[in-house]
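K.L.:
Structure incoming, see below.
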Amino acid sequence: MHKQMMVVIPGNQKAHTCEIFGYSTRGIPGLEVVGLGGKGKSIKEKFIYFNKRYKLSIPPRRFVLCVEDQTLLNLKEGSYRWLELPFLIMYWSMAGILPIENLSNCLCSGTIAASGLIETLDVEAFLSDEVGELIESGYQVITKGGEGKFANYIPVEEIISLPQVT
C-alpha cells in the first residue's frame, strides 16, 4: 500500500508546500521516518507512544513515511513539526486505523503534542498564492475552522481526534 499528500509549512514570508509519501510492506515490522535526519526520530517515537497510549492495534508491517524536500530543513527551526499531523494521518490510514483512504488530493499541516492536542495552521496560511493555486485546482484542505472558507474542506476532527492525556 502507498499514499501521498501535500503539506503546508509556514514560512517567514509565505507558506511552503512539499509532498510527503508513505508505503507499507511485509518487511520487518516497524516504522521509519525518512528525509528529516535525526528530527524524524522524535516523530517516530511520538507515533509509537500514541499507538501504545491509545492501545491501537497496528498490523505487523513495515511502514515508511518520507519527505524528500530538503528546503524544509532550511526553514526556521521547528518547521518539521508541521509534518506530524499529515504523517500521522497517512500512517494510521495505511494501518487501517483512520477512515480516510485517498490522500493524494489533500493539503494538511499540523503539530501534535504528546498530550494529544492537535494544532493546525491558521486558515489564512492556506490562502497564500502557491497554496491557493492547489486549492483552486481541487485539493481538499484538512484543518480546523475552514468551513465557509474552502469549497473542498475536511474538518480534521472528522478524521482524527486524540483524547487529551492528563
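The values are calculated or read from the model by the stated rules, or taken from the named source; none is laboratory data. This is a predicted model, so every value here is computed, not measured. With ideal geometry, Cβ positions are generated from the backbone for all residues, glycine too; neighbour counts draw on all protein chains shown.
K.L.:
Within region 90-108, can one find any residue that is farther than 24 Å from S42 by Cα, out of contact with any Ser or Thr (no Cβ under 9 Å at 6 or more places or on another chain) and among the aliphatic types (A, V, I, L, M)?
P.N.:
No, region 90-108 contains no residue that is farther than 24 Å from S42 by Cα, out of contact with any Ser or Thr (no Cβ under 9 Å at 6 or more places or on another chain) and among the aliphatic types (A, V, I, L, M).
K.L.:
Where residues in region 96-134 are farther than 18 Å from M5 by Cα and among the acidic types (D, E), which of them is surrounded by the most Cβ atoms within 10 Å (Cβ to Cβ)?
P.N.:
Applying the filter and picking the extreme gives E119.
K.L.:
Just to be sure, is F150 within 30 Å of I48 (Cα to Cα) and either assigned to a loop (DSSP other than H, G, I, E, B) or out of contact with any Asp or Glu (no Cβ under 8 Å at 6 or more places or on another chain) (or both)? Outline the logic, then answer.
P.N.:
Values: within 30 Å of I48 (Cα to Cα): no; either assigned to a loop (DSSP other than H, G, I, E, B) or out of contact with any Asp or Glu (no Cβ under 8 Å at 6 or more places or on another chain) (or both): yes.
In short, no.
K.L.:
Oh, and also: Which numbered condition trips up I28, out of (1) touching a residue at least 60 places away in the same chain (Cβ under 8 Å); (2) touching a strand residue (DSSP E or B) at 6+ places or on another chain (Cβ under 9 Å)?
P.N.:
The one condition I28 does not meet is (1).
K.L.:
Also, I was wondering about something else. Quick one: is A151 exposed (fewer than 12 other Cβ atoms within 10 Å of the Cβ), among the aliphatic types (A, V, I, L, M) and more than 15 Å from the chain's Cα centre (by Cα)?
P.N.:
On the way: exposed (fewer than 12 other Cβ atoms within 10 Å of the Cβ): yes; among the aliphatic types (A, V, I, L, M): yes; more than 15 Å from the chain's Cα centre (by Cα): yes.
So A151 fits the description; yes.
K.L.:
In this structure, is I43 surrounded by 12 or more Cβ atoms within 10 Å (Cβ to Cβ), at pLDDT 85 or above, over 18 Å from Q4 (Cα atoms) and under 15 Å from the mean Cα position of the chain (by Cα)?
P.N.:
Working: surrounded by 12 or more Cβ atoms within 10 Å (Cβ to Cβ): yes; at pLDDT 85 or above: yes; over 18 Å from Q4 (Cα atoms): no; under 15 Å from the mean Cα position of the chain (by Cα): yes.
The answer is no for I43.
K.L.:
Next up: Can you name the condition, by its number, that S57 falls short on among (1) loosely packed, with under 12 Cβ neighbours inside 10 Å; (2) of a type outside the set (V, I, T); (3) out of contact with any helix residue (DSSP H, G or I) (no Cβ under 9 Å at 6 or more places or on another chain)?
P.N.:
(3)
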